[in-house]
1. Evaluate the stretch 123-197: find the radius of gyration of its Cα atoms, find its Kirkwood radius, and give the ratio Rg to Rh.
2. Consider a paramagnetic label point 7 Å from the Cα of Asp293 along Cα→Cβ; state which residues of the stretch 258-275 have an amide N under 19 Å from it.
3. With an 8 Å cut-off on Cα pairs and a minimum separation of 6 or more residues, tell me the relative contact order of the stretch 129-254 in percent.
4. What nm distance separates the two modelled labels at Glu147 and Ala235, each placed 7 Å from Cα along Cα→Cβ?
5. If you plug each phi of the stretch 178-190 into the Karplus form 6.51 cos²θ - 1.76 cosθ + 1.60 with θ = phi - 60°, what whole-Hz ³J(HN,Hα) values come out, in order, with x for Gly and Pro?
6. Taking the highest mean first, how do the peptides 173-181, 211-219, 154-162 order by number of other beta carbon atoms within 10 angstrom per residue?
7. If amide hydrogens are placed 1.01 Å from N in the peptide plane, which non-local residues have theirs closer than 5 Å to the one on Ser214?
8. Efficiency by 1/(1 + (r/R0)^6): what FRET value for Arg300 and Leu156, r their Cβ-Cβ distance, R0 = 25 Å, to the nearest 0.05?
Amino acid sequence: ADPANNAMRGIFFRIFLVAALGAALSSALQLENFSRNDSADTKPAHSMHLRSGAARCSSARSLAFAWSGLAQSINSAVGRVFGACCRAVCGHCDGKNQAARGYQLLRRPTLNRGSSTPSQQRPGLGLRGLLPAGVVPLDTQLDVAMEQLRSKPTDLEKYIFLQTLQDSREDLYLAALMKYTEECMPLVYTPTVGQACMQFHRIARHTPRGLYISLDDLGHVREALGNWPERGVRAVVVTDGERILGLGDLGTNGMGIPVGKLALYAACAGIHPEACLPVTIDVGTENERLKADPAYPGLRRQRERGPAY
């Protein structure tokens, strides 16, 4: 209620708007030149797995990278201005709080840039001391990631590696899909995703990836949706796990399908990953093997086919 504090908040809010708009304009001006340079090394899409999307993959690749660059520029601007505003207006943003903010940023796959974060941006983002001092370009990290991927002995191991990458560094994951589309697409989606879904409860990572809405959530679906952290969702893929790629009823293990489809939408159609939401509706399963498996995390009951469904 202090007029002086209100005036200062207004000043810093205007600074924030100018910084964000400036970052957006800078990224937009670089888009045309980036697209021209990027188009020279575009790889052809895998015809079996991309079908009609193949013709759009090249231009979409540039669009997705442009989205990533724009988001990164705005995020860095927000980090710098937010830090200054918090210290000047609130007066309680000490080193501990700064480190906690940076630590949480590194744990968020859509924002984490890891060691590719420019050194001059790190203090404003609360990352000082949370990363090694050197800056490793995204292209170099991609080369290392592909080297690791190619060292895996089976397609399922390669799938697990790519999903782990998605759960920690979504920019690096999408860079792999866009630059090495023909090599990675069969691992992210068919045919490998079918094998992954059959064993999904045994290979699942701990990073939240999508929403699980079950019969137990009747009357609380809005609450479940509200627990998803992103507010700009524009693309939702839903499954109830009953028929997965001709493999039958896989219950909540079917989550691999929405996750895989949305990865294609992000990599080949330029949809920002924060706008994507995979959803599994758990109404039970007819798969007796899964219900008898102590590691299966879904409802252990016959599939609901009545009004409750």
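What follows draws every value from the coordinates through simple rules; no lab data is involved. Just so it is clear, the structure is predicted and the values come from calculations on it, not from any experiment. All Cβ positions, even for glycine, are placed from backbone atoms using ideal geometry, and neighbour counts span all protein chains on display.
1. The Rg/Rh ratio comes out at 1.06.
2. 258-260
3. Working: 78 pairs, mean separation 23.9, N = 126.
Relative contact order here is 19 percent.
4. 3.2
5. Residue by residue, the stretch 178-190 yields 7, 7, 10, 4, 4, 7, 8, 4, x, 8, 7, 10, 5 Hz.
6. 173-181, 154-162, 211-219
7. Asp282
8. E(calc), rounded to 0.05, equals 0.50.
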